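Shown next, in structure tokens, is the structure this report addresses.
The values are calculated or read from the model by the stated rules, or taken from the named source; none is laboratory data. Quick caveat, the model's predicted, so the values are computed rather than measured. Heads up, the Cβs are rebuilt from the backbone with ideal geometry, glycines too, and the neighbour counts pull from every protein chain shown. Please note that ligands, DNA and RNA were not included when accessible areas were found on the heavy atoms of the full protein model with its side chains. Shrake-Rupley method; radii C 1.70, N 1.55, O 1.52, S 1.80 Å.
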Amino acid sequence: TFLYVGITVVLLLALLVYRLHKRKIKSQTIGKFEASTTRRTKKFECVTVLFADIQGFTKIAETMNPEQLVDELDRYFIYFDELVEKYSVEKIKTIGDSYMCAGGVPDVDSANPIEVVLVALGMIAYVNNRQSLSRNFWNIRVGINTGPVISGTLGYKKKAFDIWGDSV
């Protein structure tokens, strides 16, 4: 626990210093990707991608009341949404019990690895806290990778922003 707190404090301080420096030099940023533009894709050189999922979710789903299962998963995802908003990370999508987000897209931000790690630490802390409060002992798996991606918006009726590449 002490190590977790120490790492979190160091990352938060590094992020604060970066954001202050960023404001001071007024570095250029790329605005939100607009689905209405004629250009449908964009390449980003440094994006940090996070995948998280509930370990053993299929077995959990077989034994748990469906309404309780969805309610519990919704609690997790609502909290994860709050985390990504707090750290300026972009939620990409959820599929079943999987949650995908990325830093550095659609707005370029060179502090995105720090921000995504802070999201991951927050997710892990939330899951550990939920374990201590309930009978449901869900564990989370989190994977993070940084590198280039291609982003784009797909679809006609229900447009969806997504990312692709080896980094994903």
Verdict on Tyr99 being without any contact (Cβ under 8 Å) to a residue 60 or more places away in the chain, of a type outside the set (Lys, Arg) and closer than 20 Å to Thr153 by Cα: yes
Segment 142-157, residues that are exposed (fewer than 12 other Cβ atoms within 10 Å of the Cβ) and either β-branched (Val, Ile, Thr) or closer than 17 Å to Met100 by Cα (or both): Gly143
Matching option when the condition is buried (at least 21 other Cβ atoms within 10 Å of the Cβ) and more than 20 Å from Leu3 (Cβ to Cβ), among Val108, Val84: Val84
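Which of the residues that make up segment 53-74 are outside any helix (DSSP H, G or I) and either closer than 24 Å to Ala120 by Cβ or touching a residue at least 40 places away in the same chain (Cβ under 8 Å) (or both)?
Within segment 53-74, the first condition is being outside any helix (DSSP H, G or I), and the residues that meet it are 53-56, 64-65.
Selection gives Asp53, Ile54, Gln55, Gly56, Met64.
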Where Val105 falls short, out of the listed (1) under 20 Å from Gly147 (Cα atoms); (2) among the hydrophobic types (A, V, I, L, M, F, W, C); (3) touching a residue at least 60 places away in the same chain (Cβ under 8 Å); (4) part of a helix (DSSP H, G or I): (4)
Arg39 vs. criteria modelled with pLDDT under 95 and assigned to a helix (DSSP H, G or I): no
Those residues of segment 101-138 which are in contact with a helix residue (DSSP H, G or I) (Cβ under 7 Å, 6 or more places away or on another chain) and of a type in the set (S, T, N, Q), in sequence order: Asn136
Residue match in segment 152-163 (condition: touching a Pro at 6+ places or on another chain (Cβ under 9 Å), of a type in the set (Gly, Ala, Ser), closer than 20 Å to Arg40 by Cβ and part of a strand (DSSP E or B)): no
Candidate set from segment 97-145 (those that are out of contact with any Leu (no Cβ under 9 Å at 6 or more places or on another chain) and small (Gly, Ala, Ser)); member that is modelled with the lowest pLDDT: Ser134
Subset of segment 128-141 [among the small types (Gly, Ala, Ser) and either open to solvent by less than 60 Å² (accessible area, probe 1.4 Å) or under 20 Å from Ile7 (Cβ atoms) (or both)]: Ser134
Residue identified as among the small types (Gly, Ala, Ser) and surrounded by 17 or more Cβ atoms within 10 Å (Cβ to Cβ) among Ala120, Ala61, Ala160: Ala120
Ala125 vs. criteria surrounded by fewer than 17 Cβ atoms within 10 Å (Cβ to Cβ) and either touching a Phe, Trp or Tyr at 6+ places or on another chain (Cβ under 9 Å) or touching a residue at least 60 places away in the same chain (Cβ under 8 Å) (or both): yes
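Here is a yes/no grid of residues against (1) under 21 Å from Tyr18 (Cα atoms); (2) in contact with a Cys (Cβ under 8 Å, 6 or more places away or on another chain):
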{"position": "Tyr76", "(1), (2)": "no, no"}
{"position": "Val89", "(1), (2)": "yes, yes"}
{"position": "Ser98", "(1), (2)": "no, no"}
{"position": "Gly103", "(1), (2)": "yes, no"}
{"position": "Ser110", "(1), (2)": "yes, yes"}
